[in-house]
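Remarks on the structure that follows.
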Amino acid sequence: MSSFGSQTRKRFAELHKLGQNVPKIMAEVAEGATIAAVERATELTPPNGGAAISGTGTRSGEMAQHWSTDSKTKPILTGGSARTTLANNVQYASYVNDGHHMDQHFVPGLVVADGMLQWLPKGDSENDSGGITVGTKTKYVKGKYMKQAAIGQYRKLVETELGKRVRESFK
């Protein structure tokens, strides 16, 4: 089985032989595939599908929003390649993507009120001494692997689009 890179180079060579504008095609395909990858990563990033945990200072959707602001979908063409970037610069993105161990620890200001988690910042007169211990039941939080799914989406789209461009060139 051939690698993604060798298959892509093969398609570009075929397009070049057919007299196509390879840099233009490369840029268009890379941009479209990166946009689709960003959309896939965003849709898989929590909270999605109605978060089970909600409350003040918990799941905000900030991480999902960062896929579109931190990624570079406009390709930079250099030396026969088109470079785009799938990125999420939120500090905890890798923990959500890859999973992480959960050590038991006390979180000051985190309380359960009316069945919902709430974080009350220090100085809130109602909760200066409150908090809960987390990590007592959950020892490991599984990753969501949204980055890997987005990369899979990118590769699938590139392969499909390049195949389509080669077939169109034969017509």
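None of the figures in this text is laboratory data; all of them are computed from the coordinates on show. These figures come from a predicted structure and were not determined experimentally. All Cβ positions, even for glycine, are placed from backbone atoms using ideal geometry, and neighbour counts span all protein chains on display.
Taking only Cα atoms of segment 85-171, what ratio of Rg to Rh do you get with Rh as the Kirkwood inverse-distance radius? Using Cα coordinates only, the ratio equals 1.31. Projecting the Cα positions of 157, 7, 117 onto the charge dipole of the chain (unit charges on Cβ atoms of Lys, Arg, Asp and Glu, taken about the Cα centre) puts 7 furthest along the positive direction.
Against the main long axis of the alpha-carbon atoms of the chain, helix 146-170 sits at an angle near 20°.
Take 106, 4, 170, 12 and order them by how many other Cβ atoms sit within 10 Å, fewest up front.
Placing the least packed residue first, the sequence is 170, 106, 4, 12.
Across segment 88-171, C-alpha contacts under 8 Å between residues 6 or more apart give a mean separation that, scaled by the residue count, equals a relative contact order of 34 percent. Taking every DSSP helix (H) stretch of at least 4 residues in the chain, weighting each as -39,500 (n - 2.57) and dividing the sum by the residue count yields a mean residue ellipticity at 222 nm of -15000 deg cm²/dmol.
Tally Lys/Arg at +1 and Asp/Glu at -1 over every other residue whose Cβ is under 12 Å from the Cβ of residue 162; what's the total?
Net charge in that neighbourhood comes out at +3.
Give 10/142; 74/142; 10/72 a once-over and call out the pairs whose C-alpha atoms are over 27 Å from each other.
Cα-Cα > 27 Å for 10/142; 74/142; rest within.
Subtracting the Cα-Cα distance of residue 156 and residue 100 from their residue separation scaled by 0.36 nm leaves 17.3 nm. The candidate values are (1) 9.1; (2) 13.7; (3) 12.7; the one derived from this structure for mean projected area of the Cα convex hull in nm² carries the label (2). Note on residue 85 and residue 9: their simple-model spin labels are 2.5 nm apart, each label 7 Å out from Cα toward Cβ.
Of the residues 11, 167, the one with the fewest other Cβ atoms within 10 Å heads the list, and the complete ranking is 167, 11. For the chain, the longest principal axis of the C-alpha atoms and the axis of helix 4-17 are separated by about 30°.
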